[in-house]
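What follows is a short report on a single structure.
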Amino acid sequence: MSTRLVFLGTGSGKPTPSRNVSSVGLFREGELFLFDCGEGTQTQMAKSSLRPGGLKAIFISHFHGDHVNGLPGLIGSLVLGNREEALTIVGPVGLKLWFTTLRKLHILWPSFHLNIIEIEESGVVYETEEYRVSTEHLNHRIKCWGYRFEEFDRPGRFDLEKAKALGIPAGPDFGRLQKGESITLANGNEVRPDDVLGLPRPGLSVAYCCDTIPCDGAANLARGVDLLIHESTYPGGEEKLAKKRGHSTSADAARCAKEAGAKKLVLTHLSQKHPNKSIFIQTSKSIFPNVIAAHDLMEIELERREEK
Ligand SMILES: [Zn+2]
């Protein structure tokens, strides 16, 4: 089973013909999540392998236009598409006021329920039985939140041969062991889950840190992730300018990935002043070698590892 990341917009500030503004789609088992929704996100989605039908939730980092201006258009199109299912939108305080205003002005008239969650503090903002999304405060010019999508570990594989050898009768006892419960056989012997289960199978994790200067929040979100998506508005060497404007360089992003023990780094939110993305790689690879720079409509498949 895999999780697919689709980079819908990878530029900073304003869209150009080659780079749209920020949005990343995460597609997993028929469910779609968006991280940010810059202007033109729905058009980018139409060019990609993603379709809005499976959209469950949108996570907004902050209210700068290049991260949020695509929301009314996308939601308007969902209405025209006769969507009935509720949609969750998570973001900074002010989101409710924004949607109330859009409704009052008749810019939006959602035919479905908008479940709007305003983030007050770091923590879990979205959770199911299989995964959760948590948030931490980043350090930008205005209130800004990063996100971490994380599948829960699954129990190890059930070893049928071992179970038979131990004399466990097929039936409900199998299920109990798989849920982590010990059982007692008719002969009085106890069987523990470890006796019949392989090693736990770790879930995938992805962090999204955009926009920010290097900060603890980004480091916490990135801890041990399979994939870190980190803003890199400037190439390495431009740290002073980046910090002044509330952003990171590719070297900053690489340091974050290295210190957090991330497995792979994708640089995004690249300055439109640098159409040749090789400069972002050249200035980060020596710090963190497993780095790539995103381009619009780039896709990455993440496969779940089977054992720890
Ligand atoms: Zn931005």
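Points worth noting:
- Here is the figure for region 227-259: residues that are hydrophobic (A, V, I, L, M, F, W, C), farther than 18 Å from Phe35 by Cβ and in contact with a Leu (Cβ under 7 Å, 6 or more places away or on another chain) total 1.
- Helices (runs of 4 or more DSSP H) enclosed by region 43-124 - at least 1 residues per element that are buried (at least 17 other Cβ atoms within 10 Å of the Cβ) and away from the ligand (no atom under 16 Å from the Cβ): 71-80, 95-104
- Among (1) surrounded by 17 or more Cβ atoms within 10 Å (Cβ to Cβ); (2) outside any strand (DSSP E or B), the one test that His230 misses: (2)
- Taking the listed residues Gly188, Gly236, Gly180, the one that is in contact with a helix residue (DSSP H, G or I) (Cβ under 6 Å, 6 or more places away or on another chain) and not assigned by TED's automatic domain parsing to the domain that holds Ser22 is Gly180, with no other qualifying.
- Filtered by the rule that a residue be over 30 Å from Ser23 (Cβ atoms), open to solvent by less than 50 Å² (accessible area, probe 1.4 Å) and assigned to a loop (DSSP other than H, G, I, E, B), region 126-166 gives a lone residue, Gly156.
- Here Leu267 fulfils each of the conditions (1) more than 13 Å from the ligand (Cβ to nearest atom); (2) open to solvent by 20 Å² or more (accessible area, probe 1.4 Å); (3) in contact with a strand residue (DSSP E or B) (Cβ under 6 Å, 6 or more places away or on another chain) apart from (2).
Residues are listed down the side, and each one gets a yes or a no for (1) of a type in the set (S, T, N, Q); (2) out of contact with any Pro (no Cβ under 7 Å at 6 or more places or on another chain); (3) away from the ligand (no atom under 16 Å from the Cβ):
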residue: Asp159; (1), (2), (3): no, yes, yes
residue: Asp173; (1), (2), (3): no, yes, yes
residue: Arg176; (1), (2), (3): no, yes, yes
residue: Val191; (1), (2), (3): no, yes, yes
residue: Ile213; (1), (2), (3): no, yes, no
residue: Ile229; (1), (2), (3): no, yes, no
residue: Asp252; (1), (2), (3): no, no, no
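The values are calculated or read from the model by the stated rules, or taken from the named source; none is laboratory data. Keep in mind it's a predicted model, so treat the numbers as computed, not measured. Positions of Cβ are backbone-derived with ideal geometry, glycine not excepted, and every protein chain shown enters the neighbour counts. For the accessible areas, the whole protein counts, side chains as well, though only heavy atoms, and no ligand, DNA or RNA atoms are used. Shrake-Rupley method; radii C 1.70, N 1.55, O 1.52, S 1.80 Å.
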